[in-house]
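Working notes, structure below.
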Amino acid sequence: MNAGPKHRQVFEYLKSRIQSGKVDAGGRLPSENELVKQLKTSRPTIARAMRDLQQAGLIDRKVGSGTYARQQQQTGHNLLGLLIPELGETEIFEPICGQIAQEAQAHQYSILWSNFNNSDPILKRQQALKVCEDYIARKVSGVFFAPIEGTTESDPINHQIVTSLTKAGVAIVLLDRDIVPFPQRSRFDLVGIDNRRSAYILAQHMISMGCRRIDFLARCHSAPTVALRVFGYREALYSAGLPCEADAIHYGNPEDKDFLCQWIQTRKPDAVICANDATAAALMLTLDSMGITVPNDVCVAGFDDVRYSHLLRVPLTTVCQPCRNIGTVALNALLNRIENPGMEPREILIEAPIVVRQSTSRTPVPNPDSNPDASGSKNKKEAAVEIEHIKSES
């Protein structure tokens with residue numbers, strides 16, 4: 001079995017046996033206890049894999065009788081494909097895909113999953129093209145596609161994938177992000193959160209906490225969704241009458257201490273909105289190693305509300321991705337697109353609530369100009385001296 005989470009390994013192994021015909025249609029699969037012994041893994045792992053197989057429409061489970069391979073149709077008219085290269089890396093996609101599979105089963109559709117287990121960007125792009133070709137060969141009716149991000153080389157691959165699917169007559173719904181940069185829009189349906197509005201509200205929350213120098217941090221080659229978040233963040237500052245200089249928006253590695261020292265010493269922000277929770281968590285760890293505390297010195301917030309966001313040493317304020325809702329809406333959007341291929345492309349934006357936690361729990365400051373230290377943060381001059389001291393030691 002390939003690398004990856006154990007339950008996904010079991011899922012892919014059993015799926016391949018069913019789809020290759022090694023388990024006859026209608027044939028009985030080994031019991032969970034038998035699979036535990038055969039595959040040398042735990043009962044919960046097997047149970048999770050079997051549940052995923054059932055949601056994908058590959059097996060039928062009959063109480064008191066056993067588990068049986070479902071009859072696979074020769075045509076792809078009842079098949080939908082998930083082309084999610086970041087499945088297993090970006091946490092939001094697993095619950096979204098699980099919800100899609102559950103909803104698809106209720107509509108008599110089966111879902112084809114593909115396990116992307118390559119950390120190498122080049123291999124991942126090659127695998128995405130191969131999966132696309134496989135879906136076309138199997139004549140799927142539609143594909144959920146989360147465009148590849150992270151490098152400039154991803155753009156041609158994304159366009160090649162959607163072009164190939166379109167030529168084959170396969171309906172497409174984009175998940176979370178577009179294949180073109182904001183403010184452009186592609187000709188494909190898109191389902192995701194309202195990034196612009198969510199960033200606006202997140203920045204507004206930080207302003208209400210007394211923050212006045214709010215910066216934005218993202219990694220290089222981020223997805224088009226980040227541009228929308230930057231736009232919403234800037235709008236909130238303008239609406240509050242606060243300046244938003246060009247050097248307030250940073251693209252870099254939050255684990256690079258030299259990068260952070262130069263930025264914070266120059267800008268002296270009292271708050272940072274991060275493009276996602278992973279960036280926020282890395283930033284908080286680096287700040288902690290530099291002796292800069294959250295939220296007393298700098299408030300920090302992110303996007304996604306991943307599982308570990310509330311388990312950090314300072315629980316993270318973040319925008320929550322309503323994954324189950326996204327999955328349900330995406331499935332309905334794709335079925336509508338299959339039935340009405342001539343419809344105008346739609347952008348379906350879902351409300352994403354903010355979860356306020358300790359990383360922004362600063363006492364509001366009614367008039368920062370008259371009392372610059374009322375928020376309880378360090379004097380900025382002292383902070384600059386401290387940062388310079390840390391930099392000289394490192």
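Derivation of every value follows stated rules applied to the coordinates shown; laboratory data play no part. These numbers were taken from a predicted model, which means no experiment stands behind them. Glycine also receives a Cβ, built like all others from the backbone with ideal geometry; neighbour counts cover every protein chain displayed.
For the reader, a short list of remarks on this structure follows.
- Thr266 paired with Asn325, simple spin-label distance in nm, labels 7 Å along Cα-to-beta-carbon: 3.9
- Part-to-part distance (alpha-carbon centres) for region 167-199 and region 1-66, which is given in Å: 34
- Summarising the strand pairing of the chain, around 20 percent of its internal DSSP beta bridges are antiparallel.
- Stretchable slack from Asp258 to Asn336, in nm (0.36 nm times residue separation minus alpha-carbon distance): 23.0 nm
- Arg17 paired with Phe231, simple spin-label distance in nm, labels 7 Å along Cα-to-beta-carbon: 5.0
- Links that overshoot a 30 Å alpha carbon limit, given the list Lys62/Lys167; Lys6/Lys130; Lys37/Lys130: Lys62/Lys167; Lys37/Lys130
- √(5λ) per eigenvalue of the Cα gyration tensor, region 157-302, largest first, Å: 33, 17, 12
- In region 1-72, one over the average inverse separation of all distinct C-alpha pairs is 12.1 Å, which is the Kirkwood hydrodynamic radius.
- Alpha carbon convex hull of the chain, volume per residue in cubic angstrom: 151
- Modelled FRET efficiency - R0 22 Å, Gln105 with Arg138, Cβ distances, 0.05 increments: 0.75
- Computed helical MRE - 222 nm, the chain, DSSP H runs ≥ 4 contributing -39500 (n - 2.57), nearest 500: -13500 deg cm²/dmol
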